[in-house]
1. Which one is farthest from the other protein chains (Cβ to nearest Cβ), of the residues in the range A:107-125 that are more than 16 Å from B:Gly35 (Cβ to Cβ) and part of a helix (DSSP H, G or I)?
2. How many residues are of a type in the set (A, V, I, L, M) and either within 12 Å of C:Pro76 (Cβ to Cβ) or within 10 Å of the chain's Cα centre (by Cα) (or both) if we restrict to the range C:95-110?
3. Would you tally the residues in the range C:132-154 being of a type in the set (D, E, K, R) and either modelled with pLDDT of 95 or more or buried (at least 22 other Cβ atoms within 10 Å of the Cβ) (or both)?
4. Of the conditions (1) in contact (Cβ under 8 Å) with a residue 60 or more places away in the chain; (2) over 14 Å from the mean Cα position of the chain (by Cα); (3) closer than 18 Å to C:Pro173 by Cβ, D:Ala193 clears all except one; give me its number.
5. Count, please, the residues in the range A:44-85 that happen to be within 14 Å of chain B (Cβ to nearest Cβ) and within 8 Å of DNA strand E (Cβ to nearest atom).
6. Quick one: how many residues across the range B:162-171 are farther than 21 Å from A:Leu175 by Cβ and facing chain A (nearest Cβ under 8 Å)?
7. Every residue in the range A:28-87 that is exposed (fewer than 14 other Cβ atoms within 10 Å of the Cβ), away from DNA strand F (no atom under 16 Å from the Cβ) and of a type in the set (S, T, N, Q), please.
8. Within the range C:50-69, how many residues turn out to be within 25 Å of the chain's Cα centre (by Cα) and either of a type in the set (Gly, Ala, Ser) or modelled with pLDDT under 95 (or both)?
There are 4 protein chains.
Amino acid sequence: MKNNDTNEHRVRQRRKEARPAELIAAALDLFVERGFAATKLVDVAARAGVSKGTLYLYFADKEVLFLEVIKQGLMPVVVEGEAMLGPHSGDSASLLRGLILRWWTLVNGTKLGGIPKLIISEAGNFPEVAQYFVENITRRVDALLGKVLQSGIEKGEFRKVDIASVIELVGAPILMRSIWECSMATSCRGGKADSERYIHTHIDLLLKGLSAGD
Amino acid sequence: MKNNDTNEHRVRQRRKEARPAELIAAALDLFVERGFAATKLVDVAARAGVSKGTLYLYFADKEVLFLEVIKQGLMPVVVEGEAMLGPHSGDSASLLRGLILRWWTLVNGTKLGGIPKLIISEAGNFPEVAQYFVENITRRVDALLGKVLQSGIEKGEFRKVDIASVIELVGAPILMRSIWECSMATSCRGGKADSERYIHTHIDLLLKGLSAGD
Amino acid sequence: MKNNDTNEHRVRQRRKEARPAELIAAALDLFVERGFAATKLVDVAARAGVSKGTLYLYFADKEVLFLEVIKQGLMPVVVEGEAMLGPHSGDSASLLRGLILRWWTLVNGTKLGGIPKLIISEAGNFPEVAQYFVENITRRVDALLGKVLQSGIEKGEFRKVDIASVIELVGAPILMRSIWECSMATSCRGGKADSERYIHTHIDLLLKGLSAGD
Amino acid sequence: MKNNDTNEHRVRQRRKEARPAELIAAALDLFVERGFAATKLVDVAARAGVSKGTLYLYFADKEVLFLEVIKQGLMPVVVEGEAMLGPHSGDSASLLRGLILRWWTLVNGTKLGGIPKLIISEAGNFPEVAQYFVENITRRVDALLGKVLQSGIEKGEFRKVDIASVIELVGAPILMRSIWECSMATSCRGGKADSERYIHTHIDLLLKGLSAGD
DNA sequence: CATGAATGAGCTTTCATTCAT
DNA sequence: AATGAATGAAAGCTCATTCAT
């Protein structure tokens, strides 16, 4: 009995602690699918398996929920970004390939592409969010890629290219794909190149395009 | 007096005929900036210099306006797309370069990137729109690029690559840029590579990556 | 036809101009009857013969409406207050009697007593309102009465009394009655002294109480 | 341990028995300060140092709590009223003075004025409450005062005045003050006559006004 | 044709109330 | 007994849409 009580208490406690994450997950799904304004909080709550009112026990209002969705959604990217910065060895080409593949693994097939989509869609209404994204994610990834490219050029592995441009060119195909994927989740999805082939073609073309040797 | 009346009538007539286009332009701006749901029709009307009621003389409701915005916004792309399909000569590389540059000229610095942004943002709520876009724009551009790549490979100019992937890789940087630009219109815009350098680096890297010769 | 048009337009115009006042009147009634928080805006709108939405064409939100009700409700009092300050002659007693009777005429049987009731009820939630009332109404009336009492004392007509106290004592019975009347509007109303007798007994007692001669 | 338990039990018991009163006190404060509708039960519970749920162990719902607040708040007045009715001697003037002073002592500086304020504010929504108040308090006090005045007149001490009116005139300044004081608790409080002077001026004026001799 | 006052469905948010722990 | 997480009815407010002028 006592045991049971404790168990049940634990269950409740666990739910209470899990709720915010569950709600955020539900909200992410719907915000990405329908956009911020078109998402009804009742639906978010329902998808998380709770009632409207419960949502307000954890988030002050819709905007706070949105911000939290972004923040929580960005966290794994930041964490992984830190990891990418870790020790690496070998030539710049393998380094670059490694980074791209890690990034790809992170977003491909996951809902993570939803975050950029969300930010792009709502940047007009939430400039702070866009700003935060740029300053914390974009800039860091850019710096990382910039370093790799720079050293590749210095070592004579890569041609002398405009680094700023290449940084964008490395990321664009990855972002574009994941954004597209998220947008088309419900509707037409066909006609696109196979995921594996896609990323490897990207890397292949990129490295060949960058290579100094010919 | 009569004369004046006629003049006014003419002006009115002109305005009257221009109205739909003006309203669509205003709507495009706002839809792109704020999203479909967050855009108020009063604001659209105001931006077009007319009253709320007038809008309804030309568009049955908000959704029709949205569809019209997409349709009209896509038109130039389709037209230009047709032009791209016209007679072309020379090697596949120059052909590809030409196509990319034409595309770039079309979107760079214009509000045209707003259309893809809009479609991406609203695809979840308007699957027909997304479908229409894919079937009429994406597919056609893809077919065109596919032909060029195919012939380039056949002529031995390009390496044997996965054409479907490369098609996407050609477009992603162009789309990504224009979408991003539109999103950040109001907020932070800095930190990006110079536009001219960007597109030429893209072409440069791409062609080098594709080139069979080494 | 044209004539008709103009007429109808006039009617519309007239309504548009009358609306705020109508809404304020309806709101005053209900705020006084039920209190601010317990009054539903739908009911206010309904009582004014319009729909919920219309209310928002004229007042930004419930609080603004409340403030406007107070402001408009106080205006006649202020105006009448100014009038009271006008030229007056005769002995202090008749002067005081005149002022009390004018004040009484203003509030007795009208909804004007609702304003003090409202302010008393909501002072806790709208301190600015209470402050405004004190500073603009109470203080002015107090000053006026103070002057009359002062001069009455100086002329030897009135006994030497504590003026500040008497000022309150002059007003309390008037305020109390009108507040009570408003509160009991719907429920029990019986058992109270006749209105005419009441005010004259007040004046009678007061003047006799003040009079220096005996 | 056991001992401790017993102690805790006793404390608990004491608290348990005090709970309703504590909750009522907390509720009175808040109802007076903010009004019935604008008072949240969580806040009442919090002010009483218990949780929301506990409140429901003692009161069926918000309205019951309100009624209880009124009932409990009225009790001291009733009790004191009874006391006032007790044996009294001397002339009518001292009798009246005594009653007024006792009443004043009861309400001046205490939160007791809150009850009338509450009743006035909520009479529209709780006619039964108003009715109860009138029938049990007002009527009794009125009867008491009436008797004193009547006998004063009969004994030739007081002039022949309209008793019903005078009854109200005796109470109005006392009620008005205590109500005002409660309303302004949080906001502006200045500008009022000194409490002692106020009540004595009231008595002074009243008795002089009533006195038959001149 | 153009206007903008009016409407009311729909969404966000609050809070009295319940009930598992 | 006491708690506070959960609920959902209800109220404030917005805005697409209508229609008299």
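1. So the first thing to find is which residues in the range A:107-125 are more than 16 Å from B:Gly35 (Cβ to Cβ), and the list is A:107-113, A:115.
Filter once more, so that each one left must be part of a helix (DSSP H, G or I): A:107, A:111-113, A:115.
Working: A:Val107: 14, A:Lys111: 13, A:Leu112: 16, A:Gly113: 11, A:Ile115: 13 Å.
Only one residue tops the list, namely A:Leu112.
2. Keep residues of the range C:95-110 that are of a type in the set (A, V, I, L, M), which gives C:95-96, C:99-101, C:106-107.
Still in the list and also either within 12 Å of C:Pro76 (Cβ to Cβ) or within 10 Å of the chain's Cα centre (by Cα) (or both): C:106-107.
Total satisfying the criteria: 2.
3. Taking the range C:132-154 first, the residues of a type in the set (D, E, K, R) are C:135, C:139-140, C:142, C:147, C:154.
From what is left, the residues that are either modelled with pLDDT of 95 or more or buried (at least 22 other Cβ atoms within 10 Å of the Cβ) (or both) are C:154.
Qualifying residue count for the region: 1.
4. (1)
5. 2
6. Initial filter on the range B:162-171 (farther than 21 Å from A:Leu175 by Cβ): B:163.
With the extra rule that they be facing chain A (nearest Cβ under 8 Å), the set shrinks to none.
Going through the range B:162-171 one residue at a time, the tally reaches 0.
7. Matches in the range A:28-87: none.
8. Residues of the range C:50-69 within 25 Å of the chain's Cα centre (by Cα): C:55, C:58-69.
Going one step further and asking which of them are either of a type in the set (Gly, Ala, Ser) or modelled with pLDDT under 95 (or both), we end up with C:60.
The total comes to 1.
The values are calculated or read from the model by the stated rules, or taken from the named source; none is laboratory data. These figures come from a predicted structure and were not determined experimentally. With ideal geometry, Cβ positions are generated from the backbone for all residues, glycine too; neighbour counts draw on all protein chains shown.
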